[in-house]
Amino acid sequence: MNRLKLTRLTKGKTQHQLMKETGIYFATLSRIEREWVQPTEVQKVKISDALGVTKDWLFPPKKKR
């Protein structure tokens, strides 16, 4: 389970609640949680603010191989 989903569940929020707080459609949130798409910087800020954590903690940089 990735940090986004773990944090959302720990905070007791559904994807629909997070959608209302961020303005990001719940299907997009689901795709971000499943790592099917990468969130934009604006989306990262909105999601991390709504969950009360830092953007860099919630979305750590990917390590280059």
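Residue-level analysis places Ala27 among those that are among the aliphatic types (A, V, I, L, M) and free of Cβ contacts under 8 Å to residues at least 12 places away in the same chain. Considering the stretch 13-65, the qualifying helices (runs of 4 or more DSSP H), each wholly inside and each with 1 or more residues that are at pLDDT 95 or above and more than 15 Å from Arg3 (Cα to Cα), run over 15-22, 26-33, 41-51.
The values are calculated or read from the model by the stated rules, or taken from the named source; none is laboratory data. All of these numbers come straight from a predicted model, not from anything done at the bench. Note that we place each Cβ from the backbone using ideal geometry, even for glycine, and neighbour counts take in every protein chain shown.
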